[in-house]
Amino acid sequence: MTASKHPTIRAHLLGNSDGLTVPDLADRTGLDEDSVRRALVKMADCYIDRWIGPNRGQYAAVWIAVPIPDNCPPP
């Protein structure tokens, strides 16, 4: 069984208040982009803040994480 990538991704997003794209997160964490995408979709505290681009006709999602309160029950 592999370790969860969520804490690593969450730490990078919380450390960058402007948000990060999937390629940015992959570069910073050393994970592949598909793993980052799959993890972000499952993380309840991360969401798409805005879209940037177009770059070669494609828009890129900028993801942000919100701090989870200590007394918050799990989803």
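The values are calculated or read from the model by the stated rules, or taken from the named source; none is laboratory data. The shown structure was predicted, so the numbers you read here are calculated from the model rather than taken from an experiment. Backbone-built Cβ (ideal geometry, glycine too); neighbour counts: all protein chains shown.
At a glance:
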{"read-out": "In the range 10-24, residue surrounded by the most Cβ atoms within 10 Å (Cβ to Cβ) [restricted to those that are within 15 Å of I48 (Cβ to Cβ) and in contact with a Lys or Arg (Cβ under 9 Å, 6 or more places away or on another chain)]", "value": "L20"}
{"read-out": "Pairs with Cβ under 6 Å, 6+ apart, first in the range 63-75 and farther than 15 Å from D49 by Cβ and at pLDDT below 85, second surrounded by 10 or more Cβ atoms within 10 Å (Cβ to Cβ) and not aromatic (F, W, Y)", "value": "I68/D45; P75/A44"}
{"read-out": "Within the range 1-27, tally of residues that are over 20 Å from Y59 (Cα atoms), in contact with a Leu (Cβ under 7 Å, 6 or more places away or on another chain) and outside any loop (DSSP other than H, G, I, E, B)", "value": "2"}
{"read-out": "Identity of the residue in the range 29-53, more than 11 Å from the chain's Cα centre (by Cα) and at negative phi, that ends up surrounded by the most Cβ atoms within 10 Å (Cβ to Cβ)", "value": "L31"}
